[in-house]
Amino acid sequence: MSLLVFAFFYLAMFAIASVFSMLGVGGGVLYTPVQLFFGIEFHTAATTSLFLIMVTSLSATLVFRKAEVVDWPLALVLESSTTLGAFLGGIYSGHFSGRFLIYLFSGVLAIAAFFMIKHFEIPNRCSGEPSGFYRWRRDMGSGVYCVNLALALPIAFVAGVVSGLIGVSGGILKVPMLVLLFGVPMNIAVGSSAFMVGLTASGGFLGHLAAGHFDWKIALLLVPGIFLGGQIGARASVKVDKTNLKCFFGYILAALAVFLVMRTALH
């Protein structure tokens, strides 16, 4: 990769970190395809993506923690399931061809695009019943919501497996899950997801690392730009309306899914 090409590559990765940290997701849905576009092999791209998601998550979480929009207990409980799934997905990813994983990745992009484009009303799933495993009542000051752990933990595990396989953090699916299934206010869902994606990515990264897919030179060069992008995006997220931004990037993800399927099918 020439110096000029690497500069464009670096700028693209910085922009992804900035924008997707605003939405509480790690950016893996674009980190991986951008690397593929610049000629990096899928398994290596997925591993680097997971490493960069960890950096983005750390950067964004520092901001969201200060804004007090991270539900720490909920995030840690869900991530106990997701991180295990991500580790298993990462370590077994070598059993699947790059072609299959690109098709799987395209499917995840399409699902993510749907949730970003379509507008949903946030449900209120809390009543006066006592808290329990099937109904964990959470009160964050800016919102009261209830999480059914019997439903959330299995979903989190499956999301983790898929995330580990294809090199994403699952945040693009976690935010809709928190908001639509459990009524978590958007600002808390975004802040909590920003922290959660780093844990998911760490599980997947360790799995890929054990399988020998990591190119540490490119990853370490990208760290400063990714960390700065995470800071910029998270700070902007606290102040801006994310509705139009979500919709815009939903259409980008849909177009990218179609492009990847066509490109893979023709090769």
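Scan region 135-189 for residues that are surrounded by fewer than 24 Cβ atoms within 10 Å (Cβ to Cβ) and assigned to a loop (DSSP other than H, G, I, E, B) and jot them down.
MET140, GLY141, SER142, GLY143, ASN148, GLY183, PRO185
Residues PHE37, PHE42, PHE87, PHE8: which one is without any contact (Cβ under 8 Å) to a residue 60 or more places away in the chain and farther than 18 Å from GLY225 by Cα?
Going through PHE37, PHE42, PHE87, PHE8 in turn, the sole match is PHE37.
From LEU209, LEU220, LEU178, which residue is at pLDDT 85 or above and farther than 18 Å from VAL19 by Cβ?
After applying the criteria, what remains is LEU220.
Among the residues of region 122-163, which ones are aliphatic (A, V, I, L, M), at pLDDT 70 or above and over 17 Å from SER80 (Cα atoms)?
MET140, VAL144
The values are calculated or read from the model by the stated rules, or taken from the named source; none is laboratory data. Being a predicted model, the structure only gives us computed values, none of them experimental. Counting neighbours? That spans all protein chains shown, and the Cβs are built from the backbone with ideal geometry, glycine included.
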